[in-house]
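Chemist: Take this structure, written in structure tokens, and hold onto it; I'll ask about it next.
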Amino acid sequence: MGATIAKLAERPNLWPWLLLTPLAIYLAIFFLVPLVNVAIMSVTEPRLTLANYERVLVGALYQRVFLNTFLTAGLVTLACLLVAYPLAYLMNHSSQRTAMMILLLVTMSFWTSFLVRTYAWMVLLGNNGPIIAFIKAIGIEIPPQLLFTRFSSTLAMVHILAPYMIMNIYSVMRKIDPVLIRSAESLGARGFALFRHVYLPLTAPGIANGCVLVFVICLGFYVTPVLLGSPREQMIAGLIGTQIEEFLAFGMGSAMAMVLLAVTLAILAIYHRRFGLDKLWG
């Protein structure tokens with residue numbers, strides 16, 4: 001044993017690889033092997049053919065579901081940005097105590113599972129919930145349908161994903177040198193011009209990080225759209241679940257999963273080419 005350790009000490013470049021070995025084994029067993037199995041099923045179920053991919057790429061139903069998935073992910077990302085940017089700005093320009101309190105409230109949502117938060121929105125938006133009761137109380141006799149709509153699923157996903165956007169933007173705002181802002185003010189930049197030409201470009205990396213992270217996560221969302229959304233506006237993860245659970249169409253479900261994975265990797269590749277994946281986590 002002592003001789004082995006001595007040999008390893010003479011080759012320090014091996015230590016990082018040895019430390020990564022348990023993680024590599026874990027990922028190979030619980031991620032790589034299932035992924036390869038899904039890829040194999042996508043071309044072998046029910047027989048060896050590429051028909052599943054052809055149906056996914058050409059079929060009107062699947063095209064509509066993919067389009068709806070991208071539209072919903074884009075809408076959620078935009079809504080998260082509109083919510084997160086002002087809040088991150090407030091945190092950055094508040095006292096440290098106030099900023100930490102807001103950050104604590106934001107991160108508290110991570111302490112509750114997606115499923116619990118989704119069921120909470122079902123109670124709030126239900127026909128017997130407090131929101132419908134308030135609408136009736138102000139004189140609207142026939143309240144709108146809130147639950148099982150795109151509005152309800154989008155609202156819940158914004159609530160779940162907004163903390164990712166907030167923390168990405170806030171981390172970038174914290175790194176902005178105040179000297180740059182004062183220099184711009186000394187050169188005549190004021191108000192909206194200062195924000196547009198100086199502050200917004202400086203926070204652009206945080207916006208890009210948050211948007212990519214929220215968009216990619218939203219593409220694969222399953223629980224919230226299925227429980228809160230409308231069946232007519234199904235997202236791709238819900239359709240994959242339907243194909244496998246109700247129709248036992250493992251080949252079609254696997255093909256859709258692989259197409260979704262390819263799209264996600266393409267988005268990350270574009271982001272990596274422009275910014276670098278190492279910037280995604282600050």
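Chemist: Every residue in the range 44-60 that is of a type outside the set (S, T, Y), open to solvent by 40 Å² or more (accessible area, probe 1.4 Å) and in a helix (DSSP H, G or I), please. Lay out the reasoning, then the answer.
Modeler: Step one: filter the range 44-60 for residues of a type outside the set (S, T, Y), giving 45-48, 50-52, 54-60.
Right, trim to open to solvent by 40 Å² or more (accessible area, probe 1.4 Å) and you get 45-48, 50, 54-55, 57-58, 60.
Passing the criteria: E54, R55, L57, V58, A60.
Chemist: Counting only residues that are in a loop (DSSP other than H, G, I, E, B) and either over 28 Å from the mean Cα position of the chain (by Cα) or of a type in the set (S, T, N, Q) (or both), which one in the range 175-229 is modelled with the lowest pLDDT?
Modeler: Taking the range 175-229 as the starting set, the residues that turn out to be in a loop (DSSP other than H, G, I, E, B) are 175-177, 187-190, 220-222, 229.
Okay, now just the ones that are also either over 28 Å from the mean Cα position of the chain (by Cα) or of a type in the set (S, T, N, Q) (or both), so 177, 187-190.
Numbers: D177: 87, L187: 81, G188: 81, A189: 78, R190: 82.
Top of the filtered list is A189.
For every residue, the table says whether it meets (1) at positive phi; (2) buried (at least 17 other Cβ atoms within 10 Å of the Cβ); (3) under 19 Å from the mean Cα position of the chain (by Cα); (4) free of Cβ contacts under 8 Å to residues at least 24 places away in the same chain.
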| site | (1), (2), (3), (4) |
| --- | --- |
| R232 | no, no, no, yes |
| Q243 | no, yes, no, yes |
| M256 | no, yes, yes, no |
| I270 | no, no, yes, yes |
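Chemist: Go over the candidates P130, P143 one by one and state the one that is open to solvent by less than 80 Å² (accessible area, probe 1.4 Å) and at pLDDT 90 or above.
Modeler: Details: P143 fails: at pLDDT 90 or above.
Just a single option satisfies the conditions, and that option is P130.
Chemist: Which residues, taken from the range 230-280, are charged (D, E, K, R) and in a loop (DSSP other than H, G, I, E, B)? Show your work before the answer.
Modeler: We begin by selecting, within the range 230-280, every residue charged (D, E, K, R); these are 232-233, 245-246, 273-274, 278-279.
Across the range 230-280, the qualifying residue is only E246.
Chemist: Next up: Just name the residue that is nearest to A156 (Cα to Cα) out of those in the range 194-222 that are open to solvent by 50 Å² or more (accessible area, probe 1.4 Å) and of a type outside the set (K, R).
Modeler: Among those that are open to solvent by 50 Å² or more (accessible area, probe 1.4 Å) and of a type outside the set (K, R), it is Y222.
Chemist: Next question, about the same structure. Pull up the range 61-79, narrow it to residues that are farther than 14 Å from F221 by Cα and not aliphatic (A, V, I, L, M), then point me to the one that is most open to solvent (accessible area, probe 1.4 Å).
Modeler: Checking each candidate, the answer is R64.
Chemist: Turning to a different aspect of this structure: Specify which of the listed residues (A88, A156) is in contact with a helix residue (DSSP H, G or I) (Cβ under 7 Å, 6 or more places away or on another chain), under 14 Å from L227 (Cα atoms) and surrounded by 11 or more Cβ atoms within 10 Å (Cβ to Cβ).
Modeler: Numbers: A88 fails: under 14 Å from L227 (Cα atoms).
So the residue among A88, A156 that is in contact with a helix residue (DSSP H, G or I) (Cβ under 7 Å, 6 or more places away or on another chain), under 14 Å from L227 (Cα atoms) and surrounded by 11 or more Cβ atoms within 10 Å (Cβ to Cβ) is A156.
Chemist: May I pose another question? Just to be sure before I move on: is L90 assigned by TED's automatic domain parsing to the domain that holds V172 and under 15 Å from I160 (Cβ atoms) in the structure I sent?
Modeler: So L90 does not fit the description; no.
The values are calculated or read from the model by the stated rules, or taken from the named source; none is laboratory data. On a predicted model such as this, the values are computed, not experimentally measured, just so you know. Every residue, glycine among them, receives a Cβ derived from its backbone with ideal geometry; neighbour counts consider all protein chains shown. For accessibility, only protein heavy atoms count, side chains too; no ligands or nucleic acids. Shrake-Rupley method; radii C 1.70, N 1.55, O 1.52, S 1.80 Å.
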